[in-house]
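Accompanying notes for the structure given below.
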Amino acid sequence: MSEVLLAAVTIALALALALHRSPIWLWALVAAALLFVVQSGVTAGAFGLPAPGPLGLLAWLPVAVLAALAVPPLRRSLLISPAFSMVRGILPKVSDTETQALEAGTVGFDAELFSGEPDWHKLRAVPAITLTAEERSFLDGPTEELCRMIDDWKVRFEEKQIPEEIWDFVKRHGFLGMLISKAHGGLGFSAQAQSLILGKVSSRSPDVATIVMVPNSLGPGELIEKYGTDEQKHHYLPRLARGEEVPCFSLTGPTSGSDAATMRDIGYVTRGEHEGRETLGIRLSWDKRYITLGPQATLVGLAFRLFDRDNLLGKGEDLGITLALVPAKHPGVNIGRRHLPSGAAFPNGPNWGRDVFIPMDWVIGGAEMAGQGWRMLMECLSAGRAISLPSSSTAGAKAMLRFTSAYARIRRQFGLPISHMEGIEEPLVRIVETAYVNEAARGVTAAMVSRGEKPAVISALMKYQTTERMRRSVNDAMDIHGGRAICDGPSNYLQAAYQMVPVGITVEGANILTRTLITFAQGALRAHPYLYKEVQAAQNPDARAGLAAFDEAFSGHVAYSLANVAGAFVHNLTGGAFANAPEKAYGTAEWYRQLSRSSRSFALVSDLTVATLGGGLKTKQKLTGRLADALSELYMLSCVLKRFEDDGKPASDERIVELAARNALHRFDEAMAGVIDNFPVAPARLLMRLCVFPLGRRRKPASDALARQVARVALEPGEVRDRLTRDIYVSKDVDDPTGLLEVTLAKVLAAAPVEKKLEKAIRDGIVRRYHGIDWFEQAMEKGVLTESEASQLRELERLVARVVAVDHFDPAEVRPNYMKAGHNARAGVQIAAQ
């Protein structure tokens, strides 16, 4: 019994020291005090320990080692210097492009999650969704008007291009210059406003949203605004803002897709003739593809590798990736024909050139910025990737919810609305969760960018998570609509999203790449509190300065690792009961504690993963993908809690938050279990399992009962459904397919008591409902319905028939040669005659 007590006291002291990241001298002092107490007199006998003597003195050896390590010169000599030499010898050199990618952007709340001790005040300090009066007016005015103008069938089928009236409208109202500052003729809108505007347009037409998105994302406008010369800014930015120039940015080529740094597009610094005079410039050859807006562009942004064989710029021969602006009509520039990505209508295509001479002042930023292109791209991508696709994916999920909840309530099978069937309820609730979570993360991330952050890691996880979740929502919506969804035509409001989903998955870093190679790998270096400092110290050419920096970082890293082991074990053993939660977290304290608990687990596993796998981490992409999933769940659930608080903690949203939290934590545990079960280093695997799942995997996903409660509050028309689908385009025009849904849904609810009487009469055999019979007239004759009630249901029947109807065509109308002849394929709509 006494031995057990001693072990318990020792473990408790060790855990306390580790959790508080105590200095080495305190570890030595506590160990010495404990050893002195247990070896002294009666105490030693009670614990059965050896009295002081040769054997007892051996117990003091660990204390002596700790004491020695507490002395800085001895620590450096005995531990730090050998470790420093070993790391310098085995650590692979970080390439220039890797360094630029790592140093691009900023580290924000992601570092809190990597730390294992998130400071919730930093999350709460992120502003709530806020727009200026001008931004709100633009969202409710020109953006709404643009959405009303769009005929999706005309865009994506009849013309397969963006109509000129749409181009004219977006140019005239400044949509192409939202990120360009007012000083240069743009709208100068915040990232939050851009995100909401792009989202609303996306909810109406992904194709039209794309032509607005690209000029306001990674491209010439942003690059010139941030890095251009004064001359470039004064010349190009007003023209881009007014739409007088349509930009594209050419990065991807046949041999350099995800691995853009290996591009073969090349330029040589040389002298040549431009506008009749000899000038210093660059002779370019390139081959690009998948360039959005390329076929319509008047100004081509171009990325290429620049060499200066004669050192004319005085920077050496291999200057690196460089960015330039080349007018599309410049001699030698070839704008190719169109690609058809997933059959979409937005302009996308290749361009190329051979031995094209451009003057040096066409380099973005001039000669001074030659070779700085990769850094410029990574810095812009860190912010842009956080806005464009997350906004369209979030709006898409909200649109799927709006459309599908209406359709499922209108559509009846087996005598009841299909939304009341459990099999339909399950995917509907998934769409609810996606709409709520994506919007929460979108709003928080856009607010970060609005206040000047460039969240490189968060933008990567946001891109792949929101697009993947959107894909699931679109598939769920398609499944619920059934045949209504797969028959394309003017009345189909799902096909545009279904066609565009693979595009979002693929662009701005394909999701497979972003998940397995970027999110965690980059985050582990950037957001880890010590790792990148150790790498920088080890690669410092000044060995003495590097050793001093390595000592500080390594010592901190050891304390951090011990704290993670202790913290993960304690919090997982106690179910997070003592984990950190912010004050005034009424209704959310439990989820904050679970997030703090999970952050400890993530910090431990990620730290051990990097420490034991080192440079081999890049080849363990299944592990890094699961760690990226785990980090994503932590971030997005954190955003859910912030959204709930920013919205004023509406009681009707409590069940949605609980459902999102339980499912997120369950997915987090699944991701962590996948890492641990497949971890290749056995000792680390055992330690991870002991600390992360000391009692096994106990957190379960949301129950069916909770999902049913969410369905009841979220799927009926009202404030909850409106809040879940806020800031998308909602039509009330009965001649618009989505407006028809809204009008019919309202009439279905209004007619519910009357319809109930008719349905009972049909079940009882009083009224017969078959084609060729006027059952409304029959119901009046039998006294089941009054004349006004029959008229109400007759109108509703016509509307419902239109809602469930599918388009059909004359076979000649959909043949390619028919369309080339200038005809329009306008569908008939199959509505069963009463």
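The values are calculated or read from the model by the stated rules, or taken from the named source; none is laboratory data. Predicted model, so just to flag it, every value in this text is computed and none were measured. Backbone-built Cβ (ideal geometry, glycine too); neighbour counts: all protein chains shown. Note: areas computed on protein heavy atoms with side chains; ligands, DNA, RNA excluded. Shrake-Rupley method; radii C 1.70, N 1.55, O 1.52, S 1.80 Å.
Quick notes
- Neighbours by Cβ (under 6 Å, 6+ apart or cross-chain): first from the stretch 731-758, open to solvent by less than 60 Å² (accessible area, probe 1.4 Å); second among the aromatic types (Phe, Trp, Tyr) and part of a loop (DSSP other than H, G, I, E, B): Pro737/Tyr493; Thr738/Tyr493
- Any chance Arg309 is farther than 22 Å from Gly221 by Cβ and crowded, with 17+ Cβ neighbours inside 10 Å: no
- Selection of the stretch 781-793 for residues being assigned to a helix (DSSP H, G or I) and at pLDDT 90 or above yields Glu787, Ser788, Glu789, Ser791, Gln792, Leu793.
- The set of residues in the stretch 535-578 being among the acidic types (Asp, Glu), in a helix (DSSP H, G or I) and either without any contact (Cβ under 8 Å) to a residue 24 or more places away in the chain or on the phi > 0 side of the Ramachandran plot (or both) consists of Glu552 alone.
- Within the stretch 562-594, restricting attention to residues that are more than 29 Å from the chain's Cα centre (by Cα) and of a type in the set (Val, Ile, Thr), the residue that is modelled with the lowest pLDDT is Val565.
- Restricting Arg626, Arg597 to those that are over 14 Å from Glu117 (Cα atoms) and either over 24 Å from the mean Cα position of the chain (by Cα) or open to solvent by 10 Å² or more (accessible area, probe 1.4 Å) (or both) reduces the list to Arg626.
- Within the stretch 270-284, considering residues that are among the aliphatic types (A, V, I, L, M) and surrounded by 17 or more Cβ atoms within 10 Å (Cβ to Cβ), the one farthest from Gly332 (Cα to Cα): Ile282
- Within the set Met448, Met462, the sole residue that is part of a helix (DSSP H, G or I), in contact with a strand residue (DSSP E or B) (Cβ under 7 Å, 6 or more places away or on another chain) and closer than 28 Å to Ser115 by Cα turns out to be Met448.
- Cβ-Cβ under 6 Å pairs, at least 6 apart or on other chains, the stretch 381-401 side surrounded by 24 or more Cβ atoms within 10 Å (Cβ to Cβ), far side part of a helix (DSSP H, G or I) and acidic (Asp, Glu): Thr394/Glu439
Conditions tested, residue by residue: (1) out of contact with any helix residue (DSSP H, G or I) (no Cβ under 9 Å at 6 or more places or on another chain); (2) over 18 Å from Ala209 (Cα atoms); (3) β-branched (Val, Ile, Thr); (4) in contact (Cβ under 8 Å) with a residue 12 or more places away in the chain.
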| position | (1), (2), (3), (4) |
| --- | --- |
| Arg430 | no, yes, no, yes |
| Glu439 | no, no, no, yes |
| Thr445 | no, yes, yes, yes |
| Leu494 | no, no, no, yes |
| Pro502 | no, no, no, yes |
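- Scanning the stretch 536-572 for residues that are buried (at least 18 other Cβ atoms within 10 Å of the Cβ) and of a type in the set (Val, Ile, Thr) yields Val565, Val570.
- A count restricted to the stretch 365-413 and to residues that are among the polar types (S, T, N, Q), outside any helix (DSSP H, G or I) and over 27 Å from Val457 (Cα atoms) stands at 1.
- Residue selected from the stretch 683-700 under the condition open to solvent by less than 60 Å² (accessible area, probe 1.4 Å) and within 29 Å of the chain's Cα centre (by Cα), by the criterion farthest from Val605 (Cα to Cα): Arg699
- Hey, Glu468 out of contact with any strand residue (DSSP E or B) (no Cβ under 9 Å at 6 or more places or on another chain), in contact (Cβ under 8 Å) with a residue 24 or more places away in the chain and acidic (Asp, Glu) or not: yes
- Odd one out for Ile773, checked against (1) outside any helix (DSSP H, G or I); (2) closer than 20 Å to Thr404 by Cα: (2)
- Gly267 on the phi > 0 side of the Ramachandran plot, of a type outside the set (Ser, Thr, Tyr) and open to solvent by less than 30 Å² (accessible area, probe 1.4 Å): no
- Arg21 being modelled with pLDDT of 75 or more and either part of a helix (DSSP H, G or I) or open to solvent by less than 80 Å² (accessible area, probe 1.4 Å) (or both): yes
- Close contacts from the stretch 797-809, counting a first residue that is polar (S, T, N, Q) and a second that is assigned to a loop (DSSP other than H, G, I, E, B), with Cβ to Cβ under 6 Å and a gap of 6+ residues or different chains, come to none at all.
- When residues of the stretch 650-668 are limited to those that are closer than 17 Å to Leu428 by Cβ and either within 18 Å of the chain's Cα centre (by Cα) or among the aromatic types (Phe, Trp, Tyr) (or both), the one least open to solvent (accessible area, probe 1.4 Å): Ala660
- Taking first residues from the stretch 582-593 that are under 18 Å from Tyr635 (Cα atoms) and partners that are among the basic types (Lys, Arg) and open to solvent by 10 Å² or more (accessible area, probe 1.4 Å), the Cβ contacts under 7 Å between residues at least 6 apart in sequence or on separate chains come to Pro582/Arg124.
- Residue check for Ile162: β-branched (Val, Ile, Thr), touching a Pro at 6+ places or on another chain (Cβ under 9 Å) and closer than 29 Å to Ser342 by Cβ: yes
- Condition broken by Arg712, with the remaining ones in (1) touching a residue at least 12 places away in the same chain (Cβ under 8 Å); (2) loosely packed, with under 15 Cβ neighbours inside 10 Å satisfied: (1)
- Only listed residue being among the small types (Gly, Ala, Ser), open to solvent by less than 10 Å² (accessible area, probe 1.4 Å) and within 26 Å of Ser491 (Cβ to Cβ), chosen from Ala440, Ala406, Ala446: Ala406
- Selection from the stretch 187-209 of residues that are farther than 14 Å from Ser392 by Cβ and either open to solvent by 10 Å² or more (accessible area, probe 1.4 Å) or of a type in the set (A, V, I, L, M) (or both): Leu187, Gly188, Phe189, Ser190, Ala191, Ala193
- The stretch 110-127: number of residues that are open to solvent by 40 Å² or more (accessible area, probe 1.4 Å) and either polar (S, T, N, Q) or in contact (Cβ under 8 Å) with a residue 12 or more places away in the chain (or both): 5
- Screening Leu796 against (1) at pLDDT 90 or above; (2) over 30 Å from Tyr436 (Cβ atoms); (3) out of contact with any Gly (no Cβ under 9 Å at 6 or more places or on another chain); (4) open to solvent by 60 Å² or more (accessible area, probe 1.4 Å) leaves a single unmet condition, (4).
- Which listed residue is of a type in the set (A, V, I, L, M) and surrounded by fewer than 21 Cβ atoms within 10 Å (Cβ to Cβ), from Ala297, Ala324, Ala328, Ala303: Ala328
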